[in-house]
Structures are given as C-alpha cells and as structure tokens.
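Laboratory data are not the source of any read-out in this text; all were calculated from the coordinates shown. Only a predicted model underlies this, so the values are computations on that prediction, with no experimental measurement involved. Methodologically, a virtual Cβ is constructed for each residue, glycine included, from the backbone with ideal geometry; neighbour enumeration extends over all protein chains shown.
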Amino acid sequence: MQAAPRQEDARRLSDLQTAYEAALAELPPRRREVFRLRRQESMLTPEVAETLSITPRMVQKHMMAAMEHLQERLRPFLDDDNSTPLLDVSAHAPTRRPSSSAWQRPNWRRLDA
C-alpha cells in the first residue's frame, strides 16, 4: 500500500521540476543568466555583476524579479496553503528616504563639547 503515496510524490516532484524549468524559460535572457549564476553556480552578487558587466544593484533587481516570477508560477505546486508567500518581497524591497520636506537631518552634537 506504500507504493501509491511514493508514486504520487514522484509524480508531484516531476510536475514541479517541469513547471520550474518552464518558468525559468519564461524569464528574459539576462534575468535567467543572473538567476543561473547566483543559484546554480553559487556565485556571489559582486561576482555575477563583474561577470556580466552590470552593477551589483542590477543583479539584485534581476534576482528579485526572477524570484517573484518563480513564486507566481510555482504557487499551484506548493503546499495547500497558497496564502503564504515563498519570498516576502516587502522585506527585501528598497526603501526610499522621505521627501526632503518630511526628512530632517539628525541633531548631531559633539560628545567632547
């Protein structure tokens, strides 16, 4: 009786792998290359940037977009609770400094004065 669950797991894994490869193929070529170098070749962001002659920030942007795309495409293959994101992009999103009218320079004072 154990064969049926194992076969089901194998089928799900195969379906997930197929969906993953299809989702990667949908990425623009540069984004796919950045993702491949970072995840499959385990290169660091500065190494990818130097290899592709782009800035480290562009590497980060490509990775964020690739992860969002993969999360969206692979969501149906994940746990039944699809409400939990794989990646909380809000935690990694760049934050902007408030507009100059709302932002005030900190009041620095000398400790030795």
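Computed over region 3-78, the Cα gyration tensor eigenvalues convert (square root of 5λ each) into semi-axes of 30, 12, 9 Å, ordered from largest to smallest. The distance between label points at E33 and D9 comes to 3.9 nm (points 7 Å beyond Cα on the Cα→Cβ vector). Derived scalar couplings between HN and Hα for region 9-17 equal 4, 5, 5, 4, 4, 5, 5, 5, 4 Hz in order, rounded to whole Hz, by the Karplus curve 6.51 cos²θ - 1.76 cosθ + 1.60 (θ = phi - 60°), x for Gly and Pro.
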